[in-house]
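The values are calculated or read from the model by the stated rules, or taken from the named source; none is laboratory data. Please read all numbers here as calculations on a predicted model, not as lab measurements. Neighbour counts are summed over all protein chains in view; Cβ atoms, including those assigned to glycine, are modelled from backbone coordinates with ideal geometry. Ligands, DNA and RNA are excluded from the accessible area calculation, which covers all protein heavy atoms including side chains. Shrake-Rupley method; radii C 1.70, N 1.55, O 1.52, S 1.80 Å.
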Amino acid sequence: MRCRVWVAILLLFAVACGRGPTPAPSPSSSPASPSPAPATPRGEKAVLTVWHSWEPSEEAIVRTLLEDYRSLKPDVTVRLRRVPVDRILSEYQEAVLAGEGPDLLIGRSSWIGYLADGHTIVSLESLLENGFWDAYYPFAVEGVRYNGERYGVPFACETVALYYNKAFVLDPPTSTNRLLELAAVWQGEEQAGLAFPLSFYNTIGYLYAFGGQLFDEQGNSLLDTPETRAWLFWLYQVKTSPGVVATDNYSDADARFKAGRVAMTVNGSWALSDYVQALGEGKLGVARLPMVSSTRAWPTPFVGCQVLLVNPATLPSHPKTTLDLLRFLGGPVFQRLLVARSRTIPTWKEIDLSGDPLLKAFLEQAQAGRPRPTGGRLEVYWDATEALIYNVTTRRVPVDVALEETRRQLEKALAEPEGSAP
């Protein structure tokens, strides 16, 4: 079991919750484990810091929420600090190893493995009450698990689905054969049926629907299989089908759909607000990715989450106050605000989406998806598989040759020391 929390954290938390102390594992001998800071004396005002990399408009949503929190917790001051996304991980790690940094880090589920391996985030297994996770969708809970332990509280998620323009499509396709048949209705230069960015993230769900996998539990590649070949052949079929603009240029597909020049596209939930603005609420539709006609299996796209992570260096100073803020920012009040203003996929089960059928469709797709792996190995396979798709569909490299090139690329990348930031 990975290093989670040393004795001081658990003792302080147990006292705060009115329970007796729980036996804890021995403190880690790793130099990454800082010495506990003194707890906030009773009656003094606690000051908590949250680091994030949101844009100003997103930060404004949180500041609005924290005004409500101030009325609930008048003895707590919460300070936000924005760190550019290209620097936040390195600055956070340096701060934690120096015994400093924020109380909470707002990040992505894909960071969890990297930070857990560096002992710079806390496992939440022993810190949150029994039943805490029951309020969250299982796909979100599984999305914060690393080596069997949950390290973050997910408060928003994203995945890909099928968008369609109701001016052209009223009954969205439910199979890949029907998808390509419908796309072929519009074969004009100015009006196409489907814009499909053939990227790793947009297409990986279909690899699983063909029965393929990226790697096994030991990290060994599983790409050179008949299932992967079937997937690659289908992607090439999509690329060459009439009425389809299949491209490695995300911006091109995105612009075509917003301009009304394609009937359908595959894209993520992050584009929902932009598409509503471009087409209008009444003209936009969202549906589950069509199932593979040959296998009768539904694609399972990756679901990534925004998460709240706890700093082991600062937690001993005010454990109860930190965990109270964690529960609040991870709970339904914040999520309802994000749903209303940013249309993000919620993780709290009881949030009502009946008034937002587009977001509800994305939630249903997320429930049918698979949590994006939290380990760093995915990043290596991501780059290699992206190149594999491009080689087969755009460069038209024979599949066997492309797979052999991918094998060499993976061998070289996997031989390098692990631990690079995601």
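Taking each residue as 0.36 nm, the span from F168 to K412 lengthens on full extension beyond its C-alpha to C-alpha distance by 83.2 nm. The fraction of all Cα pairs in segment 99-249 landing in successive 10 Å bins from 0 to the largest distance is 9, 27, 25, 22, 13, 3, 0, given as whole percents. Between 0 and 90 degrees, the angle of helix 56-72 with respect to the longest Cα principal axis of the chain falls at about 40 degrees.
Here the 3J(HN,Hα) profile of segment 347-357, calculated from phi with Karplus coefficients 6.51, -1.76 and 1.60 at θ = phi - 60°, is 10, 7, 4, 8, 6, 7, 10, 4, x, 9, x Hz, Gly and Pro shown as x. Computed on protein heavy atoms with a 1.4 Å probe, the accessible areas place V399, V303 in the order V399, V303, largest first.
Annotated for the chain: lysine pairs at least 8 residues apart or interchain, Cα distance under 18 Å, count 9. If one takes the longest principal axis of the Cα atoms in the chain, at what angle in degrees, from 0 to 90 and to the nearest 10, does the Cα axis of helix 399-415 lie? It is inclined by approximately 20 degrees.
Between G260 and any residue 5 or more places off or on another chain, the built amide H atoms are never under 5 Å apart. Taking all Cα pairs closer than 8 Å and separated by 6 or more residues, the relative contact order of the chain comes to 25 percent.
Sorting 381-391, 236-246, 108-118 by average packing, meaning the other beta carbons within 10 Å per residue, from highest down gives 108-118, 381-391, 236-246.
Multiplying the sequence separation of T240 and Q187 by 0.36 nm and subtracting their Cα-Cα distance, what value in nm do you get?
On the way: separation 53, 0.36 × 53 = 19.08 nm, distance 1.20 nm.
Here the segment from T240 to Q187 would lengthen by 17.9 nm.
Cα centroid separation, segment 337-411 to segment 202-241: 13 Å.
The trypsin sites (Lys or Arg not before Pro) of segment 299-374 that meet both conditions, a loop assignment by DSSP and at most 15 other Cβ atoms within 10 Å of the site Cβ, are K349. When Rg and the Kirkwood radius Rh are both evaluated on Cα atoms of segment 37-117, their ratio Rg/Rh stands at 1.00. Between helix 377-393 and the chain there is an angle of about 10 degrees, using the helix long axis and the longest principal axis of the Cα atoms. Shape descriptor for segment 277-422: Rg over Rh equals 1.07 (Cα atoms; Rh from the Kirkwood inverse mean 1/r).
Summing charges over all other residues whose Cβ lies under 11 Å from the Cβ of L403, with Lys and Arg as +1 and Asp and Glu as -1, gives -1. Per the Debye calculation on the chain with a single equal scatterer at every Cα and no solvent contribution, log₁₀ I(q)/I(0) for q = 0.13 Å⁻¹ amounts to -1.15. Accessible area ranking (1.4 Å probe, heavy atoms, ligands and nucleic acids excluded), largest first, for S273, S123: S273, S123.
Of all DSSP beta bridges located in the chain, what percent are antiparallel, nearest 5? Kindly include the intermediate steps, with their values, before the conclusion.
Values: 27 of 46 bridges.
Counting DSSP beta bridges with both partners in the chain, the antiparallel share is about 60 percent.
Along segment 221-226 the Karplus relation, 6.51 cos²θ - 1.76 cosθ + 1.60 evaluated at θ = phi - 60°, assigns HN-Hα couplings of 5, 10, 7, 7, 9, x Hz to successive residues, with x for each Gly and Pro.
Only Cα pairs under 8 Å and 6+ residues apart enter the sum, and on that basis the relative contact order of segment 242-300 stands at 18 percent. Across segment 137-198, counting alpha-carbon atoms alone, Rg and Dmax equal 18.2, 52 Å.
Cα centroid separation, segment 110-132 to segment 269-328: 19 Å.
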